[in-house]
Amino acid sequence: MRHNLKAWPEYFQAVVDGKKTFEIRKNDRGFQVGDELLLQEYDPKEEAYTGRQAIAVVRYMTDFGQQDGYVVMAIEVKAWQGVA
């Protein structure tokens, strides 16, 4: 399954740079290992998408130490694109 998710610029950049290899999200979508996350960069100051996006695969999940209903997902970026 593919999930479309907003990602703020500083977090999006850290993902595509390989520095941030996880996502912490409310599990209101039934995330599972093997799912794809379409991370779409969203600028909250402009209240608009920037056009940059990345596809990441969920490799591992846990809810250990998280607030109720939240999960940590280990992710691996498959591809990303900047503004055309």
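The values are calculated or read from the model by the stated rules, or taken from the named source; none is laboratory data. Since the structure is predicted, the reported quantities are computational estimates derived from the model, not experimental observations. Please note: Cβ atoms are built from the backbone with ideal geometry, for glycine as well, and neighbour counts cover all protein chains shown.
Tabulated results
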| quantity | calculated |
| --- | --- |
| Members of the stretch 25-46 found to be over 12 Å from the mean Cα position of the chain (by Cα) and either of a type in the set (Gly, Ala, Ser) or part of a loop (DSSP other than H, G, I, E, B) (or both), listed by number | Asn27, Asp28, Arg29, Gly30, Gln32, Val33, Gly34, Pro44, Lys45, Glu46 |
| Any hit, the stretch 72-79, residues being touching a strand residue (DSSP E or B) at 6+ places or on another chain (Cβ under 6 Å), modelled with pLDDT under 95 and of a type outside the set (Val, Ile, Thr) | yes |
| So Gly65, is it under 13 Å from Arg2 (Cα atoms), exposed (fewer than 10 other Cβ atoms within 10 Å of the Cβ) and at pLDDT 95 or above | no |
| Answer from Glu76, Glu41, Glu46 - the residue that is exposed (fewer than 13 other Cβ atoms within 10 Å of the Cβ), touching a Lys or Arg at 6+ places or on another chain (Cβ under 7 Å) and charged (D, E, K, R) | Glu76 |
| Selection count, the stretch 8-46, where residues are within 15 Å of Val57 (Cα to Cα) and not basic (Lys, Arg) | 19 |
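Residue-wise test of (1) over 9 Å from the mean Cα position of the chain (by Cα); (2) charged (D, E, K, R).
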{"position": "Tyr11", "(1), (2)": "no, no"}
{"position": "Glu23", "(1), (2)": "no, yes"}
{"position": "Ala48", "(1), (2)": "yes, no"}
{"position": "Arg52", "(1), (2)": "yes, yes"}
{"position": "Gln67", "(1), (2)": "yes, no"}
